[in-house]
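The values are calculated or read from the model by the stated rules, or taken from the named source; none is laboratory data. Small disclaimer: the values here were computed from a predicted structure and weren't measured. Counting neighbours? That spans all protein chains shown, and the Cβs are built from the backbone with ideal geometry, glycine included.
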Ligand SMILES: Nc1ncnc2c1ncn2[C@@H]1O[C@H](COP(=O)(O)OP(=O)(O)OP(=O)(O)O)[C@@H](O)[C@H]1O
Ligand SMILES: [Mg+2]
């Protein structure tokens with residue numbers, strides 16, 4: 001791309017310099033606080049300190065051996081993966097119904113399914129708490145899964161239905177004329193062709209669950225806490241550098257997943 | 001081509017009968033009581049302007065639309081209630097509709113896979129189908145690596161590999177440029193003839209219909225206006241719509257004039273008349289009835305003025321290769337076009353008043 005830019009545009013003007021400067025400034029302000037946790041997590045002191053006097057992996061060891069941290073991490077992972085599986089299936093089915101199935105009803109279903117995106121999360125969390133306490137699933141594993149799924153499913157629906165709109169519907173008809181049933185046509189042709197969108201949707205669903213602190217804050221009981229909730233607790237009682245360790249690991253993990261989603265999107269025709 | 005490959009793909013076309021087909025979308029009757037009988041191994045074109053119901057007919061035969069009224073039979077079997085996947089009909093779409101995530105060979109093998117044919121049988125049939133559309137060695141390519149023409153060949157191979165007794169094509173060449181389109185017309189025609197396939201082919205390109213089809217169904221407003229051979233459609237159009245839609249034509253205003261047992265046609269704005277012979281619909285004719293006379297430009301001869309015969313003023317001469325298009329202003333003010341040989345045009349100049357002549361049995365007259 002850059003190679004095709006005509007050379008006269010390379011000439012450096014003052015406006016261009018200013019633009020680059022301010023864009024850089026914004027980036028620094030956005031990224032700096034996140035980057036700062038990395039050296040902090042490597043500091044040997046018992047408290048959060050910056051800049052660190054020397055570097056050590058001590059707190060990483062602490063995190064990996066502390067049973068409470070590990071349990072919280074595993075719980076978050078298990079919830080996240082269950083949410084991913086559930087929302088990818090349900091969300092894809094909803095997207096198929098919206099784009100292909102429902103004549104006229106599509107927009108209504110679309111509005112319903114994507115409503116959690118516009119409702120403030122805290123309002124949703126309070127509502128969920130009241131409802132779940134009534135039916136007795138508050139604090140349980142499945143309580144988390146369902147609560148997170150409602151938050152995550154809009155992303156899957158939006159991403160998958162966008163891909164379905166782009167995908168030529170006559171391709172699905174072709175599969176049927178060639179001997180496939182409607183379900184076979186979707187299974188063998190439509191879904192494989194939009195695989196990148198399915199994966200991107202799944203990643204967004206996972207991150208929605210994995211990063212959620214608000215709903216977990218309301219739903220969690222004393223024993224079963226998710227990772228973000230555990231971080232809050234840690235913050236309230238004793239601020240140890242393990243917090244910086246978790247923050248660092250979370251950031252890297254999230255970056256890796258987003259990177260994967262981005263890669264899938266740009267290479268979807270490869 | 002290797003002879004074994006030829007045996008693997010041999011379609012035995014079956015006859016198709018569409019009876020009383022009607023399909024409405026809300027208040028719009030997309031297809032209105034259409035009956036169409038296609039013989040085994042016949043190539044039939046559905047020709048008509050945009051919105052005339054061609055695609056709807058095809059979609060109903062394929063099983064993607066359910067008719068409000070009417071039945072569809074293939075090979076004597078009523079398939080009206082069968083789902084698309086069980087109809088054994090091959091379909092080729094305008095935008096190819098290939099599966100983007102599969103290779104060329106996987107695309108062609110798809111209908112075989114759906115029929116639980118796999119392994120070496122499938123591989124051999126895919127090879128044969130590729131050879132048939134002259135794409136040997138392209139099996140491993142991805143769809144995105146093919147040109148438009150090659151993609152449409154793959155779509156053809158995929159629709160033919162399982163030897164369906166009926167092939168449906170909806171403007172399969174609409175996305176190709178002119179040269180490639182003409183090449184593919186010949187290619188499809190060659191395959192259809194060789195394989196003996198029954199083909200229903202939708203197009204709004206009359207040239208395509210005239211060159212490819214055994215018979216053409218001309219459609220407008222959801223109805224079949226005429227179903228006949230290209231020659232008949234061209235020479236003896238059934239009504240004004242067909243006359244105006246297919247080919248270049250002159251439609252000259254005037255009225256009918258009785259002449260004993262015969263009929264003549266009087267051109268508007270003059271007393272000039274011409275004889276009429278071999279007309280179809282004379283039953284409803286009355287003396288003095290307003291009518292339109294259709295005559296193809298290549299049938300019109302330009303010559304000396306004769307008493308009582310049509311004449312006009314030459315307004316323009318357009319040279320196009322071996323022929324000259326001669327535009328003549330009639331007394332009514334309307335323009336008539338004659339396409340004459342360059343040699344015959346030698347004595348004609350713009351501003352001349354000339355006589356016009358045509359064979360009395362080659363024109364059609366429609367009461368207007
Ligand atoms: N799914 C649909 N819903 C509503 N109206 C439709 C639908 N499909 C077709 N129609 C209408 O039915 C009529 C016939 O459409 P059809 O697609 O069969 O025309 P066509 O002859 O194939 O035209 P074209 O040459 O533009 O492809 C049109 O008036 C069209 O608007
Ligand atoms: Mg159409």
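For segment B:48-59, state whether one or more residues are within 23 Å of the chain's Cα centre (by Cα) and more than 12 Å from ligand 1 (Cβ to nearest atom). Checked segment B:48-59: no residue is within 23 Å of the chain's Cα centre (by Cα) and more than 12 Å from ligand 1 (Cβ to nearest atom).
Suppose we keep only residues that are in a helix (DSSP H, G or I) and within 16 Å of ligand 2 (Cβ to nearest atom) within segment B:177-208. Which one would you say is farthest from residue B:11 (Cα to Cα)?
Narrowing segment B:177-208 to residues in a helix (DSSP H, G or I): B:178-195, B:206-208.
Subset that is within 16 Å of ligand 2 (Cβ to nearest atom): B:206, B:208.
On the way: B:206: 27, B:208: 23 Å.
Filtering segment B:177-208 for residues that are in a helix (DSSP H, G or I) and within 16 Å of ligand 2 (Cβ to nearest atom), the one farthest from residue B:11 (Cα to Cα) comes out as B:206.
The condition of being closer than 20 Å to residue A:86 by Cα and out of contact with any helix residue (DSSP H, G or I) (no Cβ under 8 Å at 6 or more places or on another chain) holds for only one of A:156, A:183, A:239, that being A:183.
Can you pull out every residue in segment B:113-144 that is surrounded by fewer than 22 Cβ atoms within 10 Å (Cβ to Cβ), within 13 Å of chain A (Cβ to nearest Cβ) and under 34 Å from the mean Cα position of the chain (by Cα)? Residues satisfying the conditions are B:114, B:115, B:142, B:143, B:144. Residue count for segment B:27-47, restricted to those that are near ligand 1 (Cβ under 7 Å from one of its atoms) and part of a loop (DSSP other than H, G, I, E, B): 0. Residue B:50 satisfies every condition listed in (1) within 16 Å of ligand 2 (Cβ to nearest atom); (2) in a helix (DSSP H, G or I); (3) more than 14 Å from chain A (Cβ to nearest Cβ) except (2). Of all the criteria given as (1) buried (at least 21 other Cβ atoms within 10 Å of the Cβ); (2) more than 9 Å from chain B (Cβ to nearest Cβ); (3) under 30 Å from residue B:163 (Cβ atoms), the one not satisfied by residue A:178 is (2).
Check segment B:167-175 and report whether any residue there is more than 16 Å from ligand 2 (Cβ to nearest atom) and assigned to a loop (DSSP other than H, G, I, E, B). Please lay out each step first, then the result.
Taking segment B:167-175 first, the residues more than 16 Å from ligand 2 (Cβ to nearest atom) are B:167.
Filter again for assigned to a loop (DSSP other than H, G, I, E, B), leaving none.
No; the residues of segment B:167-175 include none that is more than 16 Å from ligand 2 (Cβ to nearest atom) and assigned to a loop (DSSP other than H, G, I, E, B).
Looking at this structure, is residue B:98 out of contact with any helix residue (DSSP H, G or I) (no Cβ under 8 Å at 6 or more places or on another chain), within 13 Å of chain A (Cβ to nearest Cβ), assigned to a loop (DSSP other than H, G, I, E, B) and closer than 18 Å to residue A:173 by Cβ? Even if it seems obvious, please write down each step before you answer.
Working: out of contact with any helix residue (DSSP H, G or I) (no Cβ under 8 Å at 6 or more places or on another chain): no; within 13 Å of chain A (Cβ to nearest Cβ): yes; assigned to a loop (DSSP other than H, G, I, E, B): yes; closer than 18 Å to residue A:173 by Cβ: yes.
Criteria not met by residue B:98.
Taking the conditions (1) away from chain A (no Cβ under 14 Å); (2) over 17 Å from residue A:171 (Cβ atoms); (3) over 24 Å from the mean Cα position of the chain (by Cα); (4) in contact (Cβ under 8 Å) with a residue 24 or more places away in the chain in turn, residue B:104 satisfies each one other than (2).
Taking only segment B:68-88 into account, find how many residues are outside any strand (DSSP E or B), away from chain A (no Cβ under 14 Å) and closer than 22 Å to residue B:215 by Cβ. Explain how you work it out, then say what you get.
Of the residues in segment B:68-88, the ones outside any strand (DSSP E or B) are B:68, B:75-76, B:79-88.
This time we only want the ones that are away from chain A (no Cβ under 14 Å), so: B:68, B:75-76, B:80-81.
Among the residues that remain, those that are also closer than 22 Å to residue B:215 by Cβ are: B:75-76.
Of the residues in that region, 2 qualify.
Could you say which residue among A:122, A:128, A:89 is modelled with pLDDT of 90 or more and in a helix (DSSP H, G or I)? Sole residue among the options that is modelled with pLDDT of 90 or more and in a helix (DSSP H, G or I): A:89.
Residue-by-condition table, conditions (1) more than 16 Å from residue A:178 (Cα to Cα); (2) crowded, with 24+ Cβ neighbours inside 10 Å; (3) assigned by TED's automatic domain parsing to the domain that holds residue B:217; (4) in contact with a strand residue (DSSP E or B) (Cβ under 7 Å, 6 or more places away or on another chain):
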site	(1), (2), (3), (4)
B:51	yes, no, yes, no
B:69	yes, no, yes, yes
B:85	no, no, yes, no
B:92	no, yes, yes, yes
